[in-house]
1. Would you tally the net charge around PHE212, using a Cβ to Cβ cut-off of less than 14 Å, leaving PHE212 out, and scoring K and R as +1, D and E as -1?
2. How many percent of the accessible area of the stretch 6-58 is carbon or sulfur, using a 1.4 Å probe?
3. Could you tell me how far the Cα centroid of the stretch 174-218 sits from the Cα centroid of the stretch 54-76, in Å?
4. Given the options TYR119, GLY18, THR7, identify the residue whose Cα lies farthest towards the positive end of the charge dipole of the chain (+1 on Cβ of Lys, Arg; -1 on Cβ of Asp, Glu).
5. Which sequence of TRP46, TRP257 reflects their accessible areas, 1.4 Å probe, from the largest down?
6. On the accessible surface of the stretch 190-264, probed at 1.4 Å, how many percent belong to carbon and sulfur atoms?
7. Add -39500 (n - 2.57) for each DSSP H run of 4 or more in the chain, then divide by its residues: what number comes out at 222 nm, to the nearest 500 deg cm²/dmol?
8. ILE142's amide H: which non-local residues (gap 5+, or another chain) put their own amide H closer than 5 Å, with H modeled 1.01 Å from N in plane and none for Pro or chain starts?
Amino acid sequence: GKVRAPTHIISTISDDRGEEPCYAGVPMSSIVEQGYGVGDVISLLWFKRSLPRYCTHFIEICIMLCADHGPCVSGAHNTIVTARAGKDLVSSLVSGLLTIGPRFGGAIDDAARYFKDAYNRGLTPYEFVEGMKKKGIRVPGIGHRIKRGDNRDKRVELLQRFARTNFPSVKYMEYAVQVETYTLSKANNLVLNVDGAIGSLFLDLLAGSGMFTKQEIDEIVEIGYLNGLFVLARSIGLIGHTFDQKRLKQPLYRHPWEDVLYTK
Ligand code: ACO
Ligand code: LMR
């Protein structure tokens, strides 16, 4: 029989050995000729399958809506300071990306994990939120520095509107909305944020598309694919901030003394 030399790497998402590279078995020429978009490419390279158009459109909307949020947020601030320190594009980009985490942009996976678990266990919003409080864990996907009950995040509304029109079911999102109704009754800043909206809606996408087994959904949520959406999206804005600072020939940034409370 054939003897196969042992390999050091296993790869299942792409292949460049043929006449043209393939993403999950789909050749480049099909991607171009059939008018695939970036949502389709993400489907192939992350989920290893072609997803229905409403799913790839939803992915593209997430990317567009999270691409930037002005110069004052953690990621853009770090990128701007780094670019102004004379560093290159990659350094400025990763400096911003490194702020993405449990408080900023990187709460999508945990929001999906906790909402999924609470919904599947049939917890009421009260039981879920108060249970988290007892454990000393902030509810991922809830809360915002500037958004309020009377000044909601437009991105959340846009995502919800798209899903209500296009998804076969939005049960996880509706659960997240019920959680928000409860948290807003406690404090006006405890809105469903964009991480929570994407986390809950992606659960609906995975469950409602009929393209994933229960085991695959569990694996996606457990591994944590969804923060990747924010990382990818925000890279667009962070690259833009780097070019902006270079174009404006901004000098080295130094924070003003007046804005620091020096104390013992
Ligand atoms: N769950 C429960 N309670 C919360 C939450 C939450 N998610 N967020 C804030 N609170 C409570 C705080 O405990 C605090 O109450 P306390 O003073 O009695 O302890 C009160 O609300 C005010 O909290 P602050 O710390 O002032 O809120 P802040 O504006 O600093 O925090 C943040 C904003 C970091 C987004 C916070 O709400 C949070 O940690 N949320 C969960 C993580 C998350 O979803 N991050 C993504 C945000 S969206 C984005 O980055 C694109
Ligand atoms: C963002 O997308 O960067 C914002 O939601 C964060 C913020 O604090 O405004």
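The values are calculated or read from the model by the stated rules, or taken from the named source; none is laboratory data. Predicted model only: the values in this text are computed from it and were never measured. For neighbour counting, all protein chains shown are included, and Cβ atoms are generated from backbone atoms with ideal geometry for every residue, glycine included. What goes into the accessible areas is simple: the full protein's heavy atoms, side chains included, and nothing from ligands, DNA or RNA. Shrake-Rupley method; radii C 1.70, N 1.55, O 1.52, S 1.80 Å.
1. Once positives and negatives cancel, what remains is -1.
2. Details: 1910 of 3450 Å².
Ligands and nucleic acids excluded, carbon and sulfur give 56 percent.
3. 17
4. Positive-most Cα among the choices belongs to TYR119.
5. The most accessible residue leads, giving TRP257, TRP46.
6. 60
7. Counting only the DSSP helices, I get -17500 deg cm²/dmol.
8. ASN193
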